[in-house]
1. Filter the cross-link list K18/K47; K106/K161; K69/K187 down to pairs whose alpha-carbon distance in this structure exceeds 22 Å.
2. In Å, what Rg and Dmax follow from the Cα atoms of the range 155-272?
3. Give the angle, between 0 and 90 degrees and rounded to the nearest 10, that separates the Cα long axis of helix 246-271 from the longest principal axis of the Cα atoms of the chain.
4. In the range 136-188, if the dipole is taken from +1 on Lys/Arg beta carbons and -1 on Asp/Glu beta carbons about the Cα centre, which of G142, G188, A171 is farthest to the positive end?
5. Fewest Cβ neighbours within 10 Å first, please rank M250, M118 accordingly.
6. Given Cβ point charges of +1 (Lys, Arg) and -1 (Asp, Glu) and nothing else, what value in debye, to the nearest 20, does the dipole of the chain about its Cα centre take?
7. Please list, in order along the range 119-128, the HN-Hα scalar couplings obtained from phi with the Karplus expression 6.51 cos²θ - 1.76 cosθ + 1.60 (θ = phi - 60°), rounded to whole Hz, x for Gly and Pro.
8. Mind sorting K261, K106, K180 by how few other Cβ atoms lie within 10 Å of their own Cβ, fewest first?
Amino acid sequence: MTMDRINQVYSYLNENVKTKPDVCVVLGSGLGSYADTIEDAQVLDYKNIPGFPVSTVPGHAGRLVFGKKHGVNIACMQGRVHCYEGYSTAETVIPLRALIKLGVKKLLMTNAAGGVNMDFSPGDIMLIRDHINFTSLTPLEGPNLDEFGPRFPDMSYAYDKELIAALDAAAKDNNIPVQKGVYMMLKGPSFETPSEIKAVRILGADAVGMSTVPEILAAAHAGVKSCAMSCITNMAAGILDQPLNHEEVMETGAIAADNIKTIIDGFIQRVG
Ligand code: HPA
């Protein structure tokens with residue numbers, strides 16, 4: 001069933017995409033405009049791709065942009081679907097798996113996250129060293145898709161050290177300070193309670209969010225090297241004496257967006 005959907009998306013892309021991508025960048029909320037800088041850009045609306053899951057969240061454009069950056073064949077996903085929208089976890093990674101079939105070998109994920117580490121501030125950028133999956137959701141459940149990888153894939157190097165180093169170097173070269181830490185995925189769509197955030201901190205997370213882990217699992221399963229970075233859009237619940245809302249996430253995300261786009265660009269230059 002899942003494989004049929006992946007193949008549906010793959011077949012369409014294989015027939016229509018002019019520049020087959022080597023690197024995939026998933027642009028989270030507020031970062032979509034990075035794709036506007038792609039050369040020889042070919043833009044496909046998710047809704048026109050048969051089998052493609054379409055996002056319902058405001059701020060997620062829903063377009064795939066193919067082309068070249070710094071001589072690298074790249075695919076940018078502007079927007080993505082989340083498990084909390086009601087999609088199965090396997091459905092959320094249909095686009096990525098289709099892109100992997102198309103030839104993607106490296107993946108950069110971006111997301112918005114709440115800061116759990118008390119040393120963080122809203123607007124900080126965190127390079128993800130590792131994750132904790134606190135959802136029990138995984139795109140790998142069900143019959144194993146042998147075409148992609150093994151039944152019991154290793155996650156020891158889910159976040160590739162060389163790719164993290166490329167992000168770090170891109171940040172340093174542009175004098176952009178970055179944090180490093182562990183991202184914990186919770187299902188959402190409600191933000192966490194203050195007590196959940198205390199628990200999350202004890203468990204070793206520096207930031208929390210509602211995405212990214214499914215794609216990282218699917219990529220690692222397929223032997224695709226991955227890395228990810230978070231924009232800390234807010235301090236997680238209970239740290240500051242104020243309510244959390246999506247507007248704040250979007251506003252702070254917009255402030256850090258230029259720096260994140262600069263890091264993405266330096267990353268592409270380095271990993272090509
Ligand atoms: N919690 C979960 N997801 C998030 C948050 C948060 O505080 N901020 C942005 N995404």
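1. Values: K18/K47 19 Å; K106/K161 12 Å; K69/K187 33 Å.
Going by Cα-Cα distance, K69/K187 fall outside the 22 Å limit.
2. Taking only Cα atoms of the range 155-272, I get Rg and Dmax of 15.3, 45 Å.
3. It works out to around 50 degrees.
4. Final value for the positive-end residue is G188.
5. Details: M250 15, M118 10.
With the fewest neighbours first, M250, M118 line up as M118, M250.
6. Details: 23 positive and 30 negative charges, 125 e Å.
For this selection, approximately 600 debye.
7. Each residue's phi maps through the Karplus curve to give 7, 8, 9, x, x, 5, 10, 10, 7, 7 Hz.
8. Working: K261 20, K106 24, K180 15.
Going from sparsest to densest Cβ surroundings: K180, K261, K106.
The numbers here are math on the coordinates, done by the rules we state, and not lab data. Source: prediction; values computed, not measured. Virtual Cβ from ideal backbone geometry, glycine too; neighbours counted across all protein chains shown.
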